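Asks: Could you have a look at this structure, given as C-alpha cells, before my questions?
Rule-based calculations on the coordinates, nothing more; no lab input. As the structure is a prediction and not an experimental result, all values here were calculated from the model. A quick note on method: Cβ atoms are made from the backbone with ideal geometry, for glycine too, and the neighbour counts reach across all protein chains shown.
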Amino acid sequence: MDRNGSKNGLMFPKPAKQKKRKNHPKSILQNEEDGSCYLCVLLEDCWAVYSYREEHHIFFSKHQRALSEEYGLKVRLCLRHHRNGPLAVHNNQKYRRLLEKKGQQAFEALHGHEKFMEVFGENYL
Ligand SMILES: [Zn+2]
Ligand SMILES: [Zn+2]
C-alpha cells in the first residue's frame, strides 16, 4: 500500500464532470456550410450549391441514428441523392454502403477502429 493509503488507484481527484447538454456535433465528413451535396461532390465532382438539402444520418437503422447524430456521422444531400429516384441513398444499396464506408473511415480517423466496433458493432469497410 502506498503512503496515501490508496488501494484502488484513485489517487487523483476525478475531473469535473462535463456539463450534460444535448449537443449536435457537426458532420465529421462534410463542411455543412458550403451548400453542396456530399454525394454530388463525391460522385460527380459537382459543387453545386443547393438552397434545400436534407440531413442524412449515415447509420440510420434503429438505435444507430442517435449514434450517427452523436458522432457527427451525417451529411447534407440534395433530394436526388437523398430520397428521390434511383440515385438516392435511401433507394440505392450501393450508395448506402459507400456512405457507411466513408462514415466508418471518418470515425476511425478520429477515434480508431476499436472504438468504432465498440460503438457500432459491425465493420462496414
Ligand atoms: Zn446530390
Ligand atoms: Zn437519410
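Asks: What number, in percent, do you get for the relative contact order of the stretch 15-125 if the mean sequence gap of Cα pairs under 8 Å and at least 6 apart is divided by its residue count?
Replies: With pairs under 8 Å counted, the relative contact order is 23 percent.
Asks: Once every Cα of the stretch 52-125 carries one equal point scatterer and solvent is ignored, give the base-10 log of I(q)/I(0) from the Debye formula at q = 0.28 Å⁻¹, two decimals.
Replies: -1.35
Asks: OK, next. Select from the stretch 28-125 those GluC sites (Glu not before Pro) which occupy a DSSP coil region and have at most 15 other Cβ atoms within 10 Å, ordered by residue number.
Replies: When the GluC sites (Glu not before Pro) of the stretch 28-125 are filtered for loop state and at most 15 Cβ neighbours within 10 Å, Glu122 remain.
Asks: Grab the other residues whose beta carbon is less than 14 angstrom from that of Glu32, score K and R as +1, D and E as -1, and report the net.
Replies: For residues surrounding Glu32, the net value is -1.
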